[in-house]
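Undergrad: Let me give you the structure first, and then I'll get to my questions.
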Amino acid sequence: RGMPTPETPDGPYYPRKFPNDYDSDLAKITGSGREAAGEMLYLTGRVLNLAGLPLADARVEIWQCDANSVYHHINDRSYALRDKAFQGFGYVMADQMGWCSFRTIVPVPYPGRTPHIHIKVYDNKRARLTTQLYLEGHRQNRLDFLFHILTFSQRRQVEMRLTTVINGERSEYRTAIELIVSS
C-alpha cells in the first residue's frame, strides 16, 4: 500500500484541441519527415490504486513543451517558434497490469519553470490524477513554485531518474515511474 501520487493543476497549456497525431510517440508525428529536436526519453510507468492493484485500461495522457521551450498551445506566446515535428501531447491505455509507455523528449525548462512533464490519468472516463514529473536533481527544481511545495517524500514520487540508453550521436534515456491513484 503506497502513498498517493501528489496532485498538481493542469496548468495553462492542457490541450484545448487534440493534435491529429496523439499516440504514445510524441517525438515523431505521422507523415513528418523528421523527428523532434531534443534528447529522446523512453518513459514507462505503472498505474496503481492505493491497494497496489493495477488500474487496467486507464487512459494515461502526457503533455510538455518542446526542445524550444514552447507548448503546442495557441496561448503560448512563443507558439510560432514551436518544433513542428514534436507532437506535444499523447496518450495510451494502460495494459491489464497497469503498464504504459511513451517515447518523448527529456523535458527542458522554460521561463519560470523547471523541466517537467504533465501527466493525467483517467479511469472510467473520470480524471483520477493530474500531476507533473520532474528531473531528479535538476538545479532549477528548488526554485520551482510547484516542486518547492512538495514534501521530500512527494518529491521522490514524482522525480524521474534517467538512465542512459545510448550516448552516441543523439542521447537517449529511459525512466520508470509509478502513479498511485487515490480515488
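The values are calculated or read from the model by the stated rules, or taken from the named source; none is laboratory data. Not measured: the values here are computed from a predicted model. Cβ placement follows ideal geometry from the backbone for every residue including glycine, while neighbour counts extend to all protein chains displayed. For accessibility, only protein heavy atoms count, side chains too; no ligands or nucleic acids. Shrake-Rupley method; radii C 1.70, N 1.55, O 1.52, S 1.80 Å.
Undergrad: Report the residue count in the range 126-137 for those that are touching a residue at least 24 places away in the same chain (Cβ under 8 Å) and open to solvent by 50 Å² or more (accessible area, probe 1.4 Å).
TA: 1
Undergrad: How about the range 58-80: which of its residues are among the charged types (D, E, K, R) and modelled with pLDDT of 95 or more?
TA: Arg59, Glu61, Asp66
Undergrad: Please indicate, with yes or no, whether at least one residue in the range 91-98 is of a type outside the set (Ser, Thr, Tyr), in a strand (DSSP E or B), surrounded by fewer than 21 Cβ atoms within 10 Å (Cβ to Cβ) and touching a Ser or Thr at 6+ places or on another chain (Cβ under 8 Å).
TA: First, pick out the residues of the range 91-98 that are of a type outside the set (Ser, Thr, Tyr): 92-98.
In the following step, the residues that additionally are in a strand (DSSP E or B) were identified as 92-93.
Filter again for surrounded by fewer than 21 Cβ atoms within 10 Å (Cβ to Cβ), leaving 92-93.
Within this subset, residues satisfying the condition of being touching a Ser or Thr at 6+ places or on another chain (Cβ under 8 Å) are 92.
Checked the range 91-98: at least one residue is of a type outside the set (Ser, Thr, Tyr), in a strand (DSSP E or B), surrounded by fewer than 21 Cβ atoms within 10 Å (Cβ to Cβ) and touching a Ser or Thr at 6+ places or on another chain (Cβ under 8 Å).
Undergrad: Here's another thing I want to ask about it. Of all residues being β-branched (Val, Ile, Thr) and at pLDDT below 90 in the range 1-45, which is farthest from Thr104 (Cα to Cα)? Just the residue, please.
TA: My answer is Thr30.
Undergrad: In the range 143-162, what count of residues is obtained for those that are exposed (fewer than 11 other Cβ atoms within 10 Å of the Cβ) and outside any loop (DSSP other than H, G, I, E, B)?
TA: So the answer is 3.
Undergrad: If His72 passes every condition in (1) touching a residue at least 60 places away in the same chain (Cβ under 8 Å); (2) within 19 Å of the chain's Cα centre (by Cα); (3) part of a loop (DSSP other than H, G, I, E, B) but one, which one does it miss?
TA: For His72, the exception is condition (1).
Undergrad: Restricting to the range 7-61, name every residue that is buried (at least 17 other Cβ atoms within 10 Å of the Cβ) and free of Cβ contacts under 8 Å to residues at least 60 places away in the same chain.
TA: Ile29, Glu35
Undergrad: Here's a follow-up. For the range 163-183, which residues satisfy the criterion of being outside any loop (DSSP other than H, G, I, E, B), out of contact with any Phe, Trp or Tyr (no Cβ under 6 Å at 6 or more places or on another chain), in contact (Cβ under 8 Å) with a residue 24 or more places away in the chain and closer than 24 Å to Leu48 by Cβ?
TA: Tyr173, Thr175, Ala176, Ile177, Glu178, Leu179, Ile180, Val181
Undergrad: Same structure, new question: Only one residue in Arg103, Arg82 is open to solvent by less than 70 Å² (accessible area, probe 1.4 Å), closer than 18 Å to Thr175 by Cβ and not aromatic (Phe, Trp, Tyr), so which one is that?
TA: Arg103
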